[in-house]
Amino acid sequence: MLIPDINEAVDAIRAQTDRHPEIAITLGSGLGPLADAFDGVTIPYGQIPHFPLSTAPGHDGQLLIGRLFGRDCVVMRGRVHMYEGYSPQEVTFPIRVMQALGAHTAMLTNAAGGMGAGQQVGDLVAIEDHLSLATAAGFDPLRGPDDPALGERFVSLNKAYDPGLITLAQSIAPQIRRGVYAHCVGPSFEPPALIRLLQAAGCTLVGMSTVPEVIVARQVGMRVFGLSAVTNICVNTVTDSHITNAAEVFDAAKIIGPKLARFMEAFLPALPKGARDA
């Protein structure tokens, strides 16, 4: 029944705007103010059939369709997470709707804990690969009955994060590093032992979102660019006196917001016009 639900959501959105976005953007925790530069229509999630409602702090729960830095975009001002009680399929429903509206490129941002050497709060890091404990444990958004109309069932995640878009981002902002994002369901922050495990696996970022959306975006043929804002430095030993908390994450995200906006102002106009452009 997923295709009829997608169509119903698209019809409800089309009743409010006839714009055809080319870029889908998801704004992570505390990064919603970036959308203040947006010119277009704002639709609360509650007005879109079958759309999950955002309940997390720092996520406004609005779908924006219009122009952002000169490009036609559809923007999720706040995402939903598995830790809110949603299934991976519900979490990724908005990606399917945004692709059905016309978006060929997905830009997914998030607030993340930094685990890499030399990382500092405020860094922007382009995701080039991920490790998801949730999908490895069976919470893959593609799990369930196969419907060829939704895309291929067995989706390759090699180069899921488009190398060309990462290179473009670094040419615009050389200070942006590359990193490997670890996806945990949350909402509890990761204990030091888990941080050590993830570091041993080569991960340099950790968060509670993004990966399910990436998997579905690749299934429907979208190019993907993932960008993490480092909002805290992870604790990997119980002898560390710091206690990670939500307040520091949201405070850091507010500070990082203007930096992200400056990057997006240069990055969005430079994005390729089509899904298959080099």
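Below, the figures for the structure above:
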{"quantity": "Whole-Hz couplings from phi, Karplus 6.51/-1.76/1.60, listed for the range 269-274; x for Gly and Pro", "calculated": "x, 8, 5, x, 6, x"}
{"quantity": "For the chain, built as a Gaussian network whose Cα springs stay under 10 Å, the top-fluctuating residue of ASN158, ASN110, ASN232", "calculated": "ASN158"}
{"quantity": "Antiparallel DSSP beta bridges within the range 2-270, percent to nearest 5", "calculated": "40 percent"}
{"quantity": "Footprinting exposure proxy for TYR181, TYR45, TYR83, TYR161 (fewest neighbouring C-beta atoms within 10 Å first)", "calculated": "TYR83, TYR45, TYR161, TYR181"}
{"quantity": "Cβ-Cβ FRET estimate between ILE243 and LEU2, R0 fixed at 41 Å, reported to 0.05", "calculated": "0.50"}
{"quantity": "Value of D in µm² per second that Stokes-Einstein yields for the range 155-195, Kirkwood Rh from Cα pairs, at 37 °C (0.692 mPa s)", "calculated": "253 µm²/s"}
{"quantity": "Area projected by the alpha carbon convex hull of the range 2-270, averaged over all directions, nm²", "calculated": "13.0 nm²"}
{"quantity": "Extended-chain gain in nm, criterion 0.36 nm per residue less alpha-carbon gap, ILE255 and ARG196", "calculated": "18.5 nm"}
{"quantity": "Ranked HIS183, HIS242, HIS104, HIS50, criterion: other C-beta atoms within 10 Å, fewest first", "calculated": "HIS242, HIS50, HIS104, HIS183"}
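Rule-based calculations on the coordinates, nothing more; no lab input. The structure displayed is predicted, hence computed values, not measured ones. No Cβ is skipped: glycine too gets one built from the backbone with ideal geometry, and neighbour counts run over all protein chains shown.
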